Each structure stands twice: as C-alpha cells, then as structure tokens.
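What follows is one structure encoded as structure tokens, with my remarks underneath.
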Amino acid sequence: MTVETHKETMGFQAEVKQLLDLMIHSLYSNKEIFLRELISNASDAIDRLRFDALSNAALLEQDTELNIHVAYDKDARTITVTDNGIGMTRDEVIENIGTIAKSGTREFFSSLTGDQQKDANLIGQFGVGFYSSFVVADRVTLSTRKAGMQLDEGVRWESDGQGEYTLEMIEKPARGTEVVLHLREGEDELLARYRLTSIIKKYSDHIVAPILMKVEDEEKDEEERVNSAAALWTRSKSEISSEEYNEFYKHIAHDFEDPLAHVHSRMEGTQEYILLLYVPARAPFDLWNREQRHGIKLYVRRVFIMDDAEQLMPGYLRFVRGIVDSNDLPLNVSREILQQNRLIDAIRSNAVKKMLGVFSDLANKEPEKYATFWDQFGRVLKEGIAEDSSNRESLAKLLRFASTASGSETQDVSLETYVARMKEGQDKIYYIIADSYAAAANSPLLEIFKKKGVEVLLLSDPVDHLLGAELHEFDGKQLSSISRGEVDLDKIQDVEEKAEEEQQTVSEVQTLVDRLKEVLKEQVKTVRVSTRLTTSPACLVVDEYDMDPSLLRLLKASGQKLPTMKPILEINPHHPIILKVSNETEEQKFSDWAYVLFDQSTLTLGEQLDDPVAFVNRLNGLLAGM
Ligand code: ADP
Ligand code: MG
C-alpha cells in the first residue's frame, strides 16, 4: 500500500492565533483542564460513533469496545489521549481544528478590548476546548481516521500553536483520534500517574465511556479504569456533589465557568425520562444570533442521540443547557420525528415548568444570583411573554424593570413590588417605553407622576415593545403606557401641595388651544391641555390605540412602510412660556412659537427633526426679540 506522505503547511484563521495567545494567558493558573477538554472531545466522538452505528453497524469494524486511553511517556515528555470514536476526515480536521467555525466569532473578536487581562476573562464563554492543549504543550500532534474510511485515509495534524499547522495523509489502522501533547519546558510534574488520575477523577469522573490507564505496576502490561461513572444523571441526587454537577455542565455546555443553577429530576409514570438542566452564569456572545445552538442533548436509554434538540426547549429558553434522557422514544428518532411527537411536547412543557421553577427559586432565595441571571438573560426571557402564553403569569412574576422609584438603570423592580407600593387611588401599572434608559428617565411625560409620587416603570429594551403589546395586566391591574391616551391621576393626592400658580381663565386657554391647532394642523391630530406636565411647557403623546412612538420609530428604521400617525400636542397652561405665547398677538411670532413648541417636544422623544435649520432659525428669531 502506498500512502501519500505529502505534507502541507497551512495557516490558522487569524482569530485562532489571537485566541491561542489569549488563552495561554487566561488558563495558565488552571492549566490542568486541558485534560478535561481532550477527554470531553473523546467522549463526544464516542457518543457520535455509537449513535451512527445504530443504523450502520459496519462502522464499528472489529473494534466494538468504545473507550478512552490516557498515557504518558517520561522520556519523550508526552501525554497522549486516544479514543476509538468517530474520528475526522481531512476536511473535518481543517474545519474543526484550523478554524473557529462558530457563528458570531467575528463579532466576538471585535468586542475584545486589546487589554489581555480583561479579554482573558471573556475567553471562558468561548468554546476553546481543543486549543487549551497549548497551555501546557508547545507542540500538539493529532492523528485521526474517520469511522468507515480506508486504513490509509488517516490524517496527521501538527502545530506549535504559532500560527501555522501541517497536515499529511497517513496510514492509521486504529479508528478514531489520538492527541499527543509535547509538553513545554517546566511541565514535567504532569508526567506522573497519580497526578493524571487525580485530574481525571476531579474533572472527568462523570464521563460514561471508560477512561483507561496502564496499571501502576511496571511489570504488568494491563490497563485499569480510572473513572467510576455510570451516566451522572442516572445516579440519585443525594450521591452527586455540586462539583460533579458543575464538571458535567462544563462537559456538555463546552463552558469554562460554573453554572448558576441546575435542576435534576426523574419522571416516572406514563412516560419515563430524566432531565438535568442548567442555567449558565454568562450569556454566550452569540445569544442574539437566531441560529444560535439550543443547548439540550437528547439521549434515549443512555444512548446519545443528538445535540441541539431545539424541540425540547422554546426559543426564549435557548440559553438553557443540559440533557434529556427518555426511556420511551425510539432509538432511531430523527429531528423530523421530534417535531411532531406528543412525548416530546410533554417533556418540553415539563422542562419549561422546571426551569421557571428554578428561576423563581433564585429570585426568592438568592436575589444576588437572580440579579446576575436577569442581567444576562432577562431580555431573552421577556420574549417568553409573547411566545408562551400558557406560562405568561409565572413569567410576568420573573420580570424586572428599571423604575422611577429606584432611580437607576438597573432592572430590579418586579411587578409584585410595584403593585405592593401603588398609591392610594392608583389602579394601573404605569410604564414608559423609550429608545434608551436616559430618554425614558428624563421624559417630560413623567412630570405629573413625579408630582403625585406615582412610580413609573422605565422600559428601553427593543423587546419591551413585545411586552407592551402582549402583557395587558398583572394581578388584576392594567398595564398602561403613559405615552398613550390621557392620564387621570385626579384621585391621587399630590406629594406636596404647591402654592396656587398664576391661573388663566378657561376661555383664554381654549383660545390658545384653538390658535395652536390652526397653526399646527398639518403636524398634529389635535392640541389639548395636559394633565401630566408640571415643569415642561408642552409634550407629544399618541392616542390610546395608536402605536407607541418608539415602536413606530423601530418599525420605520427596519424599513417598514407605515401610515403616518399624527401625535397629539399637550400644553401646560401654567408654564411661563405658554402664558407668554398665549399673550402673543403678532401672528408670525405666534406661529414661530407654535412650531418651536412642537419641535422641542419632538426632540424630547429622542427623535430627529424634519427641518432642524428651520427650528434653529425660529428659535434664534424669538430669542433675539426677547
Ligand atoms: P467543542 O468541543 O466545544 O466543539 P473543541 O475545540 O473542543 O470545541 O473541539 C473542536 C471540534 O474538533 C469538535 O467539535 C470536534 O468536531 C472536533 N474534535 C476534537 N476532538 C475530537 C476527537 N477526539 N474526535 C473527533 N472529533 C474531535
Ligand atoms: Mg470540546
């Protein structure tokens, strides 16, 4: 047999080099995890082969016991991890090891600051598995042959992690993958049996495939199993330590950080299945990517079936990671079957309930963790209000908002808290939606609410529009946008009664309103006296059943054609400028005032003016005449 030994040198994708540099920095203090990562990959490869072999037994060749070997060589100063799993073709090696094929990679790298120390912390959220070898090795050799390929269709990949790698075709009788780490100077302490076994026990005990090492005795050429493992999720909760739960999470989620919380539950009865689901501590950088992987692995009777079983978790819980192991599904279940399977629907709906329970426990018992959770995933969870009407009530309790009562951008006020401190005579939950926190917090529409001491929730995430449209009430109280319709806070006492201000007669005000309407008839639907302003002269609102202005802006920006909706101009009859305008007899000046009031109200909404030059000219003219 002639094997082509032509060796090619190829360059890493630019990001890989950058990633390697950062990683060596960030992982050095925890360098032993390289072994966890290599074993995790070997275990995945074995799972995949076992699954493929269900429909094509020939893939197993004569080599039917699937396991992982770990060996070391003191003289050569190498550590070797071998598996007889699925293996890789040449193209797969290039794709999986030479590039970072994950979507969103570019965005991730452009978000790096260049400060190594800071950036190193970001690395954890990025699956850097295989590359962690370079923390302890200055040369890594990976040899692999894909299940089902000819013996001479093996591939050897080698790199010193400096930006290039070599690739050659080799003869490789054993199916699967072997990774040899040539240790860096000074890493010899890793070349000891007790050291390696203790790393394996610490991080990889839960791996289902046997992890084998040569026995202690030099004379004997035997191997023994180092990990204890039955599938972790099949063991009883009381026997599993939190470290074991955490390490299992890191394996399945390809994460480097501990999770925030988990739920482990075994269902018996009409359907039998086990759930082990986790909440990560940090949102992945590609959380907003619609193609983002859903993180549930499906097993059937302990056999791995598939990753990313999106049918098992709704979109708004796409950040949940974990496994579902069913006793009732057929082993040959496909994605298509999952899509319309009643067993799956039942599992999903139970899994969702369990997760909502976990969130609510965090909220009630570990508020600090809940704050982290909300900060990372709150915006995704809000999608659930629209997506999952059957759990709307439990979801609504989990929502957190910025509010005029807390005076900070942090979203930490729940609807329950809001309701508990509603003022006497208040029957609605008030909120405002704007494009940013600052625009919401400084809106003139809040003035009357401040005066009355009535709390207003300050919403500024794009997804909040969904909330506004879908969540109409909470605890029997209507949710009401203060940018729409009229406000009626008459029943509520002022915080402090103000001295009577200069009053105009009703007829004077009516004349002013009519004059403004006439001038601005192209711009506004109507003009009316405001019940919500105390310190601003005027503001713009929309009708009760019209769209919120910021939603309108969002839709326009996304290129949608919408009917033009005219706003309503509200004036504050007690404001000195309004008093002045009302006494203006010169028609041209009055018209200038009217436009200035309209334009400045537009500006406070955070909107652009159609004709900013005209605004400035009018304003300057009025100032010059003062
Ligand atoms: P991740 O495991 O998060 O995907 P890694 O960097 O650990 O990231 O591995 C990258 C990819 O390389 C894996 O997804 C897999 O496709 C491939 N790979 C790594 N090790 C092995 C192996 N032992 N057998 C087969 N494929 C492997
Ligand atoms: Mg990995």
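Quick check on region 163-177. Is at least one of its residues open to solvent by less than 60 Å² (accessible area, probe 1.4 Å) and within 16 Å of ligand 2 (Cβ to nearest atom)? Among the residues of region 163-177, at least one is open to solvent by less than 60 Å² (accessible area, probe 1.4 Å) and within 16 Å of ligand 2 (Cβ to nearest atom), which makes the answer yes.
The single condition among (1) at pLDDT below 85; (2) assigned to a helix (DSSP H, G or I); (3) open to solvent by less than 80 Å² (accessible area, probe 1.4 Å) that Glu508 does not meet is (3). As a summary of the residue check, Leu196 satisfies the conditions (1) over 32 Å from the mean Cα position of the chain (by Cα); (2) within 16 Å of ligand 2 (Cβ to nearest atom); (3) of a type outside the set (S, T, N, Q) except for the one numbered (2).
Annotation note: Cβ proximity below 9 Å between a residue of region 612-623 that is under 10 Å from Val596 (Cβ atoms) and a residue that is surrounded by 12 or more Cβ atoms within 10 Å (Cβ to Cβ) and basic (Lys, Arg) (sequence gap 6+ or interchain) occurs for Gly621/Lys589; Leu622/Lys589. Go through region 496-505 and give me each residue that's farther than 13 Å from Asn572 by Cα and at pLDDT below 70. Within region 496-505, Glu496, Glu497, Lys498, Ala499, Glu500 meet the criteria. Applying the set (1) open to solvent by 20 Å² or more (accessible area, probe 1.4 Å); (2) more than 24 Å from Thr604 (Cβ to Cβ); (3) in contact with a helix residue (DSSP H, G or I) (Cβ under 8 Å, 6 or more places away or on another chain) to Asp427 leaves exactly one unmet item: (3).
Yes/no matrix, rows are residues, columns are (1) touching a Gly at 6+ places or on another chain (Cβ under 8 Å); (2) away from ligand 1 (no atom under 15 Å from the Cβ); (3) at pLDDT below 90; (4) in the same structural domain as Glu153 (by TED's automatic domain parsing):
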position	(1), (2), (3), (4)
Val16	yes, no, yes, yes
Met23	no, no, yes, yes
Glu32	no, yes, yes, yes
Leu35	no, no, no, yes
Leu60	no, yes, no, yes
Glu65	no, yes, no, yes
Asp73	no, yes, no, yes
Ala76	no, yes, no, yes
Val81	no, no, no, yes
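Selection of region 228-238 for residues being in a loop (DSSP other than H, G, I, E, B) and touching a residue at least 60 places away in the same chain (Cβ under 8 Å) yields only Ala231.
Considering region 42-101, the residues that are of a type in the set (Val, Ile, Thr) and over 38 Å from the mean Cα position of the chain (by Cα) include one that is most open to solvent (accessible area, probe 1.4 Å), namely Thr64.
The values are calculated or read from the model by the stated rules, or taken from the named source; none is laboratory data. All figures in this text were calculated on a predicted structure; none of them were measured in a lab. Methodologically, a virtual Cβ is constructed for each residue, glycine included, from the backbone with ideal geometry; neighbour enumeration extends over all protein chains shown. For accessibility, only protein heavy atoms count, side chains too; no ligands or nucleic acids. Shrake-Rupley method; radii C 1.70, N 1.55, O 1.52, S 1.80 Å.
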